[in-house]
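Participant: I'd like to ask some things about the structure below.
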């Protein structure tokens with residue numbers, strides 16, 4: 001993987017096919033988790049690439065087991081899953097104010113997050129390159145992609161029980177110290193945790209380099225990072 005860098009076509013990273021598939025799968029899992037927890041209300045990506053399958057031609061992320069994202073009614077109340085609560089936190093310490101805010105905004109916020117996660121997944125698998133290839137994020141789509149990467153990281157952080165910057169920094173040492181062959185069922189020190197840590201760090205490098213490129217464009221007074 002090579003992180004994002006600003007180029008005339010947009011922000012360009014280089015990803016291996018396996019990295020694209022894994023990131024698309026995780027983005028789809030997070031989108032489905034949001035839809036399952038909050039409701040069926042979702043939005044289609046702005047100017048999406050050509051549909052790549054699904055019911056009636058609607059594209060669905062890899063791993064999506066429910067219906068394609070379609071408009072619907074969003075559930076009210078705080079999500080039960082703590083990872084989803086990281087994506088949709090309380091707006092106030094006052095429980096009544098927080099509940100009222102959720103009633104009016106949670107559906108739209110969840111819909112936006114689902115839409116940009118689906119967009120990220122679709123962009124990652126578009127073209128299905130057989131070898132390492134550029135992953136181009138147009139400037140007018142960069143904010144939505146950066147937001148989707150942030151949401152994926154928040155969910156992974158909850159699953160890994162990360163609460164401090166020191167814990168995040170320690171992940172690099174954790175990967176270095178672990179053997180390549182941990183027991184698949186051992187979530188604490190085995191292959192499952194190693195996989196989540198690797199994806200968390202990968203999305204962090206992509207997110208940081210994408211935001212750095214957007215800020216560089218902003219300081220230079222050019223580029224469209226408003227979308």
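Participant: Among the residues of the stretch 84-139, what is the count of those that are over 21 Å from the mean Cα position of the chain (by Cα), in contact (Cβ under 8 Å) with a residue 12 or more places away in the chain and more than 28 Å from residue 2 (Cα to Cα)?
Facilitator: Number of matching residues: 5.
Participant: Additional query: Cβ-Cβ distance below 6 Å, separation of 6 or more or different chains: which pairs start in the stretch 25-37 with a residue that is farther than 14 Å from residue 200 by Cβ and end on one that is assigned to a helix (DSSP H, G or I) and modelled with pLDDT under 90?
Facilitator: 37/84
Participant: Could you please find all residues in the stretch 150-166 being under 11 Å from the mean Cα position of the chain (by Cα) and over 14 Å from residue 29 (Cβ atoms)?
Facilitator: Listed by number, the list holds a single entry, 150.
Participant: Say whether the condition of being under 30 Å from residue 129 (Cα atoms) and either at pLDDT 50 or above or out of contact with any strand residue (DSSP E or B) (no Cβ under 7 Å at 6 or more places or on another chain) (or both) is met by at least one residue in the stretch 69-88. Don't jump to the end; show me each part of the working.
Facilitator: The initial filter retains those residues of the stretch 69-88 that are under 30 Å from residue 129 (Cα atoms), namely 69-70.
Still in the list and also either at pLDDT 50 or above or out of contact with any strand residue (DSSP E or B) (no Cβ under 7 Å at 6 or more places or on another chain) (or both): 69-70.
Scanning the stretch 69-88 turns up at least one residue that is under 30 Å from residue 129 (Cα atoms) and either at pLDDT 50 or above or out of contact with any strand residue (DSSP E or B) (no Cβ under 7 Å at 6 or more places or on another chain) (or both).
The values are calculated or read from the model by the stated rules, or taken from the named source; none is laboratory data. These numbers were taken from a predicted model, which means no experiment stands behind them. Positions of Cβ are backbone-derived with ideal geometry, glycine not excepted, and every protein chain shown enters the neighbour counts.
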